[in-house]
Structure formats: structure tokens, C-alpha cells
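To start, the structure itself, in C-alpha cells.
The values are calculated or read from the model by the stated rules, or taken from the named source; none is laboratory data. What you see is a predicted model; the values in this text were computed from it and never measured. Ideal geometry is used to build each Cβ from the backbone, glycine not excepted, and the neighbour counts take in all protein chains shown. These area figures cover heavy atoms from the full protein model, side chains too; ligands, DNA and RNA do not enter into them. Shrake-Rupley method; radii C 1.70, N 1.55, O 1.52, S 1.80 Å.
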Amino acid sequence: MASCMVSILFLFPLIAAMSAVEPPGCKIRIINRGLEMLKYETQKFVVEELSNITMPEMKGKEGHFQYTIKEVKINELNLTYADLAFQPGLGLLFNVQNSSIALSFRRHILYWLFYDTGAINASAEGVNIHTVLHMTRDELGRLKISNITCDASIAKMKMKFTGTLGRVYDFLATFLTTGMRFLLNQQICPVMNHAGLVLINSLLETIPVRTEVDKYVGIDYSLLSDPVVTSRSLDMDFRGMFFELGNESNTLVNYAISPIVREYDRMVYLALSEYFFDSGLYSYYKAGIFQMNIANEQMPKDLEMLLRTTYFGTIMMINPALVEYPISLQLELNSAPKTTVKTSGVTVAITAIVTVMVLPPGKAPVQLSSMTIVAKFNAKVSMKGKRLGVHADLRRFKIYSNQSALESLVLIPLQVPLKTMLQISIVPIINNWTKRGVAIPLADGMDFIEEVVEYHNGYLIIGANLHFSKGLREMIERKIQADAENAI
């Protein structure tokens, strides 16, 4: 018995830690196929960065020769082999092998009393660059490159002198190429480090982490942990939680199951659990937008006539003078809508209280009755670019009285007109509002195309290919410019 108690006490911290793990509301998997498109942009970006290499002036003396080398310029980079791949457990690997760099610079050489200047054309051959970008979650939950491991080497370097004494100076080539190769090699990794830690990280800052959706709610896309990197994919778990802007601490607790992504056919997969949708509906519910008054011009004439006929007896019992006054419906949800995701699709269930009132001018509304509406909507999820949209369609509708079972029978004639009113008046308003969608956590300039939605029990998965609407350089420069404008 004592040993059993000791075992339980030993396991309790582990069980508590496991139960405290927050499941993601949103997951993104990027497949190595997606890197193929990114590889071209990365290669072009690296060429541009290496072309900006600046090298210090070289001065020295060799025998009777005094020389100065300056105005070094990279003319051309030929990346014969360049590859972008996942580095398991770390992040991304950018590998350059057996490539070349063509460069030129000015020489100033003094030999005895002879002074000569001219251009030198040189080429670095057998250039190898092995760069690993370590990808982690920062303290704000943002994806970032936390470190870069870089190793660069140049197998050999050739020089060709021009000018009056070009051939005389050829014997200096061995000495100068050794120094130039060393200096050039020392410049490659600092450039790669700056490109990753500064420029690429500035691009990653365009991925929304905690941002406003509209004037009512915001969304939290903070990473829950470091990304998981394998040889085939990069998986990221995001909180995927909406919150009310007026009370950001009042959020829905996530008890939903964690989405499981098994696919590898598309470039990218977005998985959303029921919690993702429920937290949004909960936040809007708390913000008070699921309330509506239907009166006057908004009230369909045939529905008002039917309401007046149904509650004529009630009006006469309360006050016959109320007969001529307008009738209104006040609709208010009594709890947050609930989302259910199954293999057949997505449904949203709501329960609302509808209060029927007479509106005497200059006086407080007079309640005639109160009924409960139970409705279920089919929700079609779609993706356009990087905005997630939802289109709702009323599927089931039922009303019953909150006062008596007998009155519920009286309300049967209202069933079809009220359902029609929802379909014609309210559902289009909801769809017009939801079609604007919410942005998913992708960097600026990257969009989903050729999307396919698959439904599972408890979550859905959107598989898609990636499209770059802007080049990597353009995306980074746009972010830097925006930061500069915001700083003014």
C-alpha cells in the first residue's frame, strides 16, 4: 500500500503537467514541396545579399613591390547548386555547393620608380556555403530565427591583371589571391547572418500574432511551442483563439481535441479545431452582437400581420388601445453558439430568446410573449488568399413558448414565417459580415491557392498550394518601409 502511494505521488506531477498542456486551435504544416517554390526566392535573395559584400582596402609590401587593392566589386554570382531543405530538429538548411563568384577591383602598385594602376578581374571557385537557420518561438509566441550556423569555404581563386605591366605582376597573383580569398571568405557568413537574423526575421514579423479582426474581437495566433521540424515538414501549433476586445481576459477554455495532420501531398496544410470557431462565436456573443430588434421597416408586413393575429387576444386583455401600435421582435441569444465539425461538414447550433412586443409611441414597450428559437446552420468554410471565410445556411428551425405548452401549439403557424424571416433578413447579414473572413498566420506576400477542405470529427483541414504574390526582397523592403513610416 505504501509503495502504491509513493508511485502515485511520483506520477502526480507528470499527470498534472500533461493535463496542463494547451491544445492548439490552429495548426499549420509546411511540406518540403512548399520549399521548392521558396528555394528560387531564397536563392535570388542570397545572390542579392552577397552582391552587396564590401571588403576592406588591402595594403602591403612584397619585396620591391608596394600595393593597394581597393574598390572591390562583386560582378556575378553563379550558384551552380543551391538547395533549401528542412533540417530535422532545427529549422531550415540553405546549402550552396561548387559555385563561383566573379569580382573586380582596382590595383595601385609601386615597383622601384614605376607606378601603375589598373583593374584586376578575379574569380572565386569552389564556393561552398552551409547555412542552418534555427527556428524557435520567441517570448511573444512569434516564429523567429533565433540563431544561424554558417560555414563558408572557397576552394581557389584566380586573378588576371590588365594594363601595361600586367604580365610582370602575374607572379603576385599567388600572394594576392591568398589574401583576397581569406577576406572574401570572412565576409560571407556575416552577410548570411544579417540576412537571416535581421531581414528574414523582419518578414516573419508580418505574421499576425495577436491582432484585431474587427471592432469587436481580436485573434491570438501565438505559437504554443517551438516548431517541430522533420526531414519532410515543419509543424507549428498556434493558440488559434479569438477574444473580445472589450474584455480580453474573458476567453473560452479550450477543451477540444487537437487536430491531427497526416497528409503530405500539398505544399501546406491548415488545421482548425472546433475550438477555433467556438472561441470566435463566444467572443462575438460576449461583445453583444448577437442581439437584434426587428421593427417598423425591418419587419415584413405579412409577418407583422400574422403576429398581430396570433396575439390579438393577448393585446385585448392587456390594453385594447395597443391594437394599432407597431409590433416588434427582440432576438437575443441566451448562450454562445456551438460548433460541431464532423466528416459530413460543419454545423452551428444556436438557442435564442425572441420577445414579442408592442411599441406604443413615447412609452415603454409592452411584452406580449416570449419564445425560444432552436436553430442549426450548415457552415461552409472556404479560403481566399490567406483569409478564412464562412458561409452559413439555415438547416433546422424550431420555436416553442417559454410560458406554456399550450402556447407552443399556438405558435406553430409562426414557424414557417419566422424561419423565412431568418433566411431572408438575418442570415444574409451574417454572411455579408463573415465573408470578409479572418487572416490566417502567413507572412505578407504568401497566399493559399487550389484549396481543398477535408472534414474530420472535431476539426477540419485545408490543404493548399502556396503562391508568392511578391518576391522575398519586395516583402522585406515593404516591411522595413512600413516600420520606418510608423516610427515617424
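Looking at the range 177-196 only, could you name the residues that are out of contact with any strand residue (DSSP E or B) (no Cβ under 6 Å at 6 or more places or on another chain) and within 18 Å of L92 (Cα to Cα)?
P190, V191, H194, A195
What are the pairs with Cβ atoms under 7 angstrom where one residue, in the range 455-475, is at pLDDT 85 or above and the other, located anywhere, is assigned to a helix (DSSP H, G or I)? Sequence gap at least six, or different chains.
Pairs found: G458/E274; Y459/E274; L466/G34; L466/M37.
Please verify whether L165 is modelled with pLDDT under 90, farther than 30 Å from Y221 by Cβ and open to solvent by 30 Å² or more (accessible area, probe 1.4 Å), treating the condition exactly as stated.
Answer is yes for this residue.
Out of the residues in the range 455-488 meeting the condition of being in a loop (DSSP other than H, G, I, E, B) and open to solvent by less than 30 Å² (accessible area, probe 1.4 Å), tell me which one is nearest to T347 (Cα to Cα).
G458
How many of the residues in the range 271-321 are out of contact with any Asp or Glu (no Cβ under 9 Å at 6 or more places or on another chain) and assigned to a strand (DSSP E or B)?
Counting residues in the range 271-321 that are out of contact with any Asp or Glu (no Cβ under 9 Å at 6 or more places or on another chain) and assigned to a strand (DSSP E or B) gives 5.
Kindly establish whether S344 is in contact (Cβ under 8 Å) with a residue 60 or more places away in the chain and within 30 Å of E274 (Cβ to Cβ).
In short, yes.
Out of the residues in the range 432-454 that are assigned to a helix (DSSP H, G or I) and surrounded by fewer than 16 Cβ atoms within 10 Å (Cβ to Cβ), state the one that is modelled with the lowest pLDDT. I'd like the intermediate steps shown before the answer.
Filtering the range 432-454 for residues assigned to a helix (DSSP H, G or I) gives 432-434.
Subsequent filtering for residues that are surrounded by fewer than 16 Cβ atoms within 10 Å (Cβ to Cβ) retains 432-433.
Numbers: N432: 77, W433: 73.
Filtering first and then ranking leaves W433.
Quick one: which residue in T206, T211 is surrounded by fewer than 19 Cβ atoms within 10 Å (Cβ to Cβ), in contact (Cβ under 8 Å) with a residue 12 or more places away in the chain, touching a Gly at 6+ places or on another chain (Cβ under 9 Å) and not in a loop (DSSP other than H, G, I, E, B)?
Of the residues listed, the single one that is surrounded by fewer than 19 Cβ atoms within 10 Å (Cβ to Cβ), in contact (Cβ under 8 Å) with a residue 12 or more places away in the chain, touching a Gly at 6+ places or on another chain (Cβ under 9 Å) and not in a loop (DSSP other than H, G, I, E, B) is T211.
Here are some residues: T351, T347, T340. Which one is open to solvent by less than 30 Å² (accessible area, probe 1.4 Å) and of a type in the set (S, T, Y)?
T347
I want to confirm something. Restricting to the range 363-376 and keeping residues that are assigned to a strand (DSSP E or B) and open to solvent by 20 Å² or more (accessible area, probe 1.4 Å), which single residue is nearest to I440 (Cα to Cα)?
Ranking the qualifying residues of the range 363-376, first place goes to K376.
Of the residues S225, S258, S231, S249, which is in a loop (DSSP other than H, G, I, E, B), within 19 Å of H456 (Cβ to Cβ) and among the small types (G, A, S)?
Answer to the check: S258.
Going through M317, M267, M292 one at a time, which residue ends up being open to solvent by 50 Å² or more (accessible area, probe 1.4 Å) and touching a residue at least 60 places away in the same chain (Cβ under 8 Å)?
M292
What number of residues within the range 336-350 are modelled with pLDDT of 90 or more and over 24 Å from the mean Cα position of the chain (by Cα)?
9
Using the structure shown, decide if D116 is more than 26 Å from N98 (Cβ to Cβ) and either at pLDDT below 85 or polar (S, T, N, Q) (or both).
So D116 fits the description; yes.
Can you say whether A85 is of a type in the set (G, A, S) and under 30 Å from S222 (Cα atoms), as far as the supplied structure shows?
Against the criterion (of a type in the set (G, A, S) and under 30 Å from S222 (Cα atoms)), A85 qualifies.
Taking the range 228-264 on its own, how many of its residues are open to solvent by 50 Å² or more (accessible area, probe 1.4 Å), of a type in the set (V, I, T) and more than 19 Å from the chain's Cα centre (by Cα)? Steps first, answer last, please.
Of all residues in the range 228-264, those open to solvent by 50 Å² or more (accessible area, probe 1.4 Å) come to 228, 230-232, 239, 246-249, 252-253, 255, 257, 260, 262, 264.
Now restrict to residues that are of a type in the set (V, I, T): 228, 230, 253, 257, 260.
From what is left, the residues that are more than 19 Å from the chain's Cα centre (by Cα) are 230, 253, 257.
Matching residues across the range 228-264 total 3.
How many of the residues making up the range 30-58 are in contact with a Phe, Trp or Tyr (Cβ under 7 Å, 6 or more places away or on another chain) and either surrounded by fewer than 18 Cβ atoms within 10 Å (Cβ to Cβ) or outside any helix (DSSP H, G or I) (or both)?
Summing the residues that are in contact with a Phe, Trp or Tyr (Cβ under 7 Å, 6 or more places away or on another chain) and either surrounded by fewer than 18 Cβ atoms within 10 Å (Cβ to Cβ) or outside any helix (DSSP H, G or I) (or both) in the range 30-58 gives 3.
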